[in-house]
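Notes to accompany the following structure.
The values are calculated or read from the model by the stated rules, or taken from the named source; none is laboratory data. Given the structure is predicted, the values throughout are model-derived calculations rather than measurements. Here Cβ is always computed from backbone atoms with ideal geometry, including for glycine, and neighbour counts include all displayed protein chains.
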Amino acid sequence: MELIFNRACEVLKLRDFSFRTMQRGEPVKDLKRRFVLGHTSFKTKTVTVDIYTAKKRQSKKISAILAVIAHELAHHQKPPYRQRWRGRIINRIHFPQFYRQVNRNVAKFKKDKVLGEYYSSK
């Protein structure tokens, strides 16, 4: 996974990022509630991704892990900002330009020779 993450960073031209796997001990009991697939640290440039499925703790497909990596790296490409909304200050973490960046990242992964192998239908 470390090699795939490094290749994804090369494709997106991002430097000095480190990859960690999420240490979730037990399966998620209630899948209807929110659970985390990955998170990132702006300060240390660390991306943490859960590489196992939530319920049965089996390994995920690499294309699914790459989608989470694309999402987490997009947080660094289109960082969150504060905005006034209905008289309040809100943090815009996920916003339309952010999701366009995620889609661009996935498209770049599909065009790459190494990462594109994981998206081909068999």
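Note on the range 59-118: among residues that are touching a strand residue (DSSP E or B) at 6+ places or on another chain (Cβ under 7 Å) and exposed (fewer than 13 other Cβ atoms within 10 Å of the Cβ), the one that is nearest to Lys13 (Cα to Cα) is Tyr81. Every condition in (1) within 23 Å of Glu26 (Cα to Cα); (2) within 13 Å of the chain's Cα centre (by Cα); (3) not hydroxyl-bearing (Ser, Thr, Tyr) is met by Arg57 except one, and the failing one is (2).
The set of residues in the range 13-31 that are in contact with a His (Cβ under 9 Å, 6 or more places away or on another chain) and either in contact (Cβ under 8 Å) with a residue 60 or more places away in the chain or surrounded by 15 or more Cβ atoms within 10 Å (Cβ to Cβ) (or both) comprises Leu14, Phe17.
Residue check: is Leu14 assigned to a loop (DSSP other than H, G, I, E, B) and touching a helix residue (DSSP H, G or I) at 6+ places or on another chain (Cβ under 7 Å)?
Details: assigned to a loop (DSSP other than H, G, I, E, B): yes; touching a helix residue (DSSP H, G or I) at 6+ places or on another chain (Cβ under 7 Å): yes.
Criteria met by Leu14.
Is it fair to say Arg34 is free of Cβ contacts under 8 Å to residues at least 24 places away in the same chain and assigned to a loop (DSSP other than H, G, I, E, B)? When the stated conditions are applied, Arg34 passes them.
Does at least one position in the range 62-70 carry a residue that is assigned to a loop (DSSP other than H, G, I, E, B) and at pLDDT 95 or above? Scanning the range 62-70, I find no residue that is assigned to a loop (DSSP other than H, G, I, E, B) and at pLDDT 95 or above, so the answer is no.
Could you look through the range 94-122, keep only residues that are without any contact (Cβ under 8 Å) to a residue 60 or more places away in the chain, among the charged types (D, E, K, R) and part of a helix (DSSP H, G or I), and pick out the one that is farthest from Leu73 (Cα to Cα)? By that ranking, first place goes to Glu117.
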